[in-house]
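J.: So that we are looking at the same thing, I have put the structure below in structure tokens.
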Protein chains: 2
Amino acid sequence: MTYCVAIKVDAGVVFCSDSRTNAGVDQVSTYSKMYHFGIQGDRQLVITSAGNLATTQSVIAKIRKDIKDGADISLATLDSIHEAADYVGEVSVAIQEKHANNNSNVSFEASFLLGGQIGLETPAVMLIYPQGNHITTSDQTPYLQIGESKYGKPILDRILKPETGLDTASLCALVSMDSTMKSNLTVGPPIELMTYATNSGQMEHTSFSADNEYLRELTKSWDRLIVEAFLQLPAPPQN
Amino acid sequence: MTYCVAIKVDAGVVFCSDSRTNAGVDQVSTYSKMYHFGIQGDRQLVITSAGNLATTQSVIAKIRKDIKDGADISLATLDSIHEAADYVGEVSVAIQEKHANNNSNVSFEASFLLGGQIGLETPAVMLIYPQGNHITTSDQTPYLQIGESKYGKPILDRILKPETGLDTASLCALVSMDSTMKSNLTVGPPIELMTYATNSGQMEHTSFSADNEYLRELTKSWDRLIVEAFLQLPAPPQN
């Protein structure tokens, strides 16, 4: 399994992804699920992926090839993130269909989060479904998730608003990831974080390994703070 | 959907369940999913249910009928909670099979949490799967969940230990329910709470409606405390 979250606030966008892949519980590997595509001064895009690893790797390979070959339609040429999401969806569906013809019992489905900024367009993030269609965020729901999304959802609902700062949004993504890792073995480090400040033209990438000092401190602090918060709650009424 | 949690600590057992049922999003109803079976001075048992409402209602009706008819095997006669779980599993499987013969496209599956105390046996809680088999808690995992379980799992993992008091366990169940209701529309009030102190011979039942003052205060306090806790976390490292 996988957990990826993408956040869109006024100040920019944040992506966070884990790096564990598994087929069953005894075939566990570490793969980055975060891919950066940038043209200095023109566009900065990031993609995170969940689902069938063969599908996601083929999709990313095709996206890279289209850029390298100077194809008419690629992440280097499209004018908006909306169009870029359409393109990634088409590539994904084509690759899934290719394999679905040969095998019937395996799911080749994959989902993607795509976001960043093209030119001076407002930054955006998109969730691309296995069927190739996509959705974006809203002021009420300024985040999108793929993979094992439920454990880490409550903290996103409580903290994120359009006016949330980029640092706070990054922290919220990491706490959401922490809750997910605590409850689900198939989500694990290294944790990758990508932040992009609106109009900065610059993606900032951080990778946290399992023994990263900050990540351990965050996990420990959050554990302690949640218990402290819990102890301040009003006691249930007595019968 | 449904969310039910059962907690077993040294001090006793706690059950918490919501009351929303739905078939699709436009057929939403309110049904209690918590059932109490007690023989004063002999046994106190509680069952909560999730899954197909026709199945769960039939299972509860059959359990009640067996008690009323003085059947050889019923929740009034069995000597242990382990055997009681076996019996509920058999009733559930029989009812599911009866309907499965007539229809093939609908899921008739149901899950149950069963617990309490029989005689001076150590109190216990059991999760009965749709297949009729069951599991119990351990010192490391002193709780069981059925239904929409993921949103409310992290707080249980953080707080519950065998030595946790009954009031704290009840509060933890309510907070777990609160996180689930916040993230999932198909889980909703009234919230029912049943607590049983070891060797007390007495189940304590509380029902919280949507406008219950304590429940609203709990939700508000938890929202505020989580945000306050979040704001105390160490900021992510800067690149």
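The values are calculated or read from the model by the stated rules, or taken from the named source; none is laboratory data. Note that the structure is predicted; figures quoted are calculated from it, not measured. Backbone-built Cβ (ideal geometry, glycine too); neighbour counts: all protein chains shown.
J.: For region B:137-155, give me each residue that is surrounded by 17 or more Cβ atoms within 10 Å (Cβ to Cβ) and more than 9 Å from every other protein chain (Cβ to nearest Cβ).
T.: Across region B:137-155, the qualifying residues are B:Thr137, B:Pro142, B:Tyr143, B:Leu144, B:Gln145, B:Ile146, B:Gly147.
J.: Still on this structure: Among (1) out of contact with any helix residue (DSSP H, G or I) (no Cβ under 9 Å at 6 or more places or on another chain); (2) touching a residue at least 24 places away in the same chain (Cβ under 8 Å), where does A:Thr56 come up short?
T.: Unmet for A:Thr56, out of (1) out of contact with any helix residue (DSSP H, G or I) (no Cβ under 9 Å at 6 or more places or on another chain); (2) touching a residue at least 24 places away in the same chain (Cβ under 8 Å): (1).
J.: How many of the residues in region A:34-44 are under 18 Å from A:Asp18 (Cα atoms) and crowded, with 17+ Cβ neighbours inside 10 Å?
T.: Of the residues in that region, 2 qualify.
J.: Regarding region B:211-221, can at least one residue be identified that is of a type in the set (Lys, Arg) and free of Cβ contacts under 8 Å to residues at least 12 places away in the same chain?
T.: Yes, some residue in region B:211-221 is of a type in the set (Lys, Arg) and free of Cβ contacts under 8 Å to residues at least 12 places away in the same chain.
J.: Please specify each residue of region A:219-239 satisfying the condition of being of a type in the set (A, V, I, L, M) and at the interface with chain B (Cβ under 7 Å from one of its Cβ atoms).
T.: Passing the criteria: A:Leu225, A:Ile226, A:Val227, A:Ala229, A:Leu233, A:Ala235.
J.: Residues of region A:62-79 being without any contact (Cβ under 8 Å) to a residue 12 or more places away in the chain and either under 17 Å from A:Ser111 (Cα atoms) or not in a helix (DSSP H, G or I) (or both), which ones?
T.: Once the filter is applied, which keeps residues that are without any contact (Cβ under 8 Å) to a residue 12 or more places away in the chain and either under 17 Å from A:Ser111 (Cα atoms) or not in a helix (DSSP H, G or I) (or both), region A:62-79 yields A:Asp69, A:Gly70, A:Ala71, A:Asp72, A:Thr77.
J.: For region B:51-69, does any single residue satisfy the condition of being at positive phi and surrounded by 14 or more Cβ atoms within 10 Å (Cβ to Cβ)?
T.: Yes; the residues of region B:51-69 include at least one that is at positive phi and surrounded by 14 or more Cβ atoms within 10 Å (Cβ to Cβ).
J.: Taking the stated definitions as given, is A:Tyr31 surrounded by fewer than 21 Cβ atoms within 10 Å (Cβ to Cβ) and touching a strand residue (DSSP E or B) at 6+ places or on another chain (Cβ under 8 Å)?
T.: Judged against the criteria, A:Tyr31 is a match.
J.: If I filter region A:183-209 down to residues being modelled with pLDDT under 90 and more than 11 Å from chain B (Cβ to nearest Cβ), which single residue comes out as nearest to B:Leu160 (Cα to Cα)?
T.: Filtering first and then ranking leaves A:Leu185.
J.: Looking at region B:80-164, what strands (runs of 3 or more DSSP E) fall wholly within it and have at least 3 residues that are under 16 Å from B:Phe15 (Cα atoms)?
T.: Hits in region B:80-164: B:110-118, B:124-128, B:143-147.
J.: When you scan region A:211-233, how many residues do you find that are exposed (fewer than 12 other Cβ atoms within 10 Å of the Cβ) and not in a helix (DSSP H, G or I)?
T.: The total comes to 1.
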